[in-house]
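Visitor: The structure that follows is given in the form of structure tokens.
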Amino acid sequence: MTTLYSATMPQGKRLNIYFTDDDDLKLYEEIEAIAKDEKRSMSQMVKLLVIRAIAERQGQVKEKNK
């Protein structure tokens, strides 16, 4: 009897980001360069940058509320 194993894709949310105009393409190239330097995938790098941006923004909001 042969047992087949199938890989299950992780369940989660998906976000497609399109870089279309010149400013977007420059941003894409910057993210790509940082990802390459840090040996991360583009997906990992974007997630990390978003996490950092949220943390920074939350810090700014807390400062404004003081």
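Visitor: Just to be sure I understand the curve: with the Debye formula and one point per C-alpha of the range 22-64, what is log10 I(q)/I(0) at q = 0.15, 0.31 Å⁻¹?
Guide: -0.45, -0.97
Visitor: Sum up the charges of everything whose Cβ sits under 13 Å from the Cβ of residue 58, counting Lys and Arg as +1 and Asp and Glu as -1, but leave residue 58 out. If you can, show how the numbers build up before the last one.
Guide: On the way: positive: 52, 57, 62, 64; negative: 56, 63.
Surrounding charge for residue 58 is +2.
Visitor: What's the angle, to the nearest 10 degrees (0 to 90), between helix 22-37's Cα axis and the longest principal axis of the chain?
Guide: Approximately 70 degrees, to the nearest 10.
Visitor: Follow-up. Helix 42-64 versus the longest principal axis of the chain: what is the Cα-based angle in degrees, 0 to 90, to the nearest 10?
Guide: 30
Visitor: Given the options 54, 16, 28, identify the residue whose Cα lies farthest towards the positive end of the charge dipole of the chain (+1 on Cβ of Lys, Arg; -1 on Cβ of Asp, Glu).
Guide: Checked the options; the winner is 54.
Visitor: Helix-only mean residue ellipticity at 222 nm, the chain, DSSP H runs n ≥ 4 weighted -39,500 (n - 2.57), per residue, nearest 500. What is it?
Guide: Values: 2 runs with 39 residues, N = 66.
Result for the chain: -20500 deg cm²/dmol, rounded to the nearest 500.
Visitor: Moving on to the next point. Extending each Cα 7 Å along its Cβ direction at residue 14 and residue 63, get the distance between those two points in nm, one decimal.
Guide: Using points 7 Å along Cα→Cβ, the separation is 3.9 nm.
Visitor: Run through the range 14-61 and list the GluC sites (Glu not before Pro) located in a DSSP loop whose Cβ has at most 13 other Cβ atoms within 10 Å.
Guide: Numbers: sites: 29, 30, 32, 38, 56; in loops: 38.
Passing sites in the range 14-61 are 38.
No value in this document is a laboratory result; all are computed from the given coordinates. All of these numbers come straight from a predicted model, not from anything done at the bench. Backbone-built Cβ (ideal geometry, glycine too); neighbour counts: all protein chains shown.
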